[in-house]
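The values are calculated or read from the model by the stated rules, or taken from the named source; none is laboratory data. Computed from a prediction, not measured in an experiment: that's the story for all the values here. So basically every Cβ, Gly included, is an ideal-geometry build from the backbone, and we count neighbours across all protein chains shown. In case anyone asks, the SASA skips ligands and DNA or RNA and just uses the protein heavy atoms, side chains included. Shrake-Rupley method; radii C 1.70, N 1.55, O 1.52, S 1.80 Å.
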Amino acid sequence: MRPPTRTDRLQPEQQQMLALCRAPTALVEIAARLDLPIAVVRVLLGDLLDHELISVSSPSAAGTPDARFLQAVIDGIRRL
């Protein structure tokens, strides 16, 4: 019998989160895939972070829309 590891003591939801977090994944995507409220996912991910099982990073600026695009969207909504 092997000794228990840090991940053996996790809740099933946290084990699923670890599997989803093998690649960078947004908190909202994890919540949607597990059908859990964002607040619950935030707490469970916080526990994983405290145990150094995951890391957190900010989204890259390359994926963000520019100001002109956002202004065009706002203008379009206002015309509705």
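When the range 47-75 is limited to residues that are modelled with pLDDT under 80 and among the small types (Gly, Ala, Ser), the one that is nearest to ALA26 (Cα to Cα) turns out to be SER58.
Of all residues in the range 44-57, those satisfying the criterion of being under 11 Å from the mean Cα position of the chain (by Cα) and either open to solvent by 40 Å² or more (accessible area, probe 1.4 Å) or at positive phi (or both) are SER55, VAL56, SER57.
Taking only the range 21-43 into account, find how many residues are open to solvent by 40 Å² or more (accessible area, probe 1.4 Å) and in contact with an Asp or Glu (Cβ under 9 Å, 6 or more places away or on another chain). Matching residues across the range 21-43 total 2.
Of the residues in the range 12-19, not one is at pLDDT 90 or above and part of a loop (DSSP other than H, G, I, E, B).
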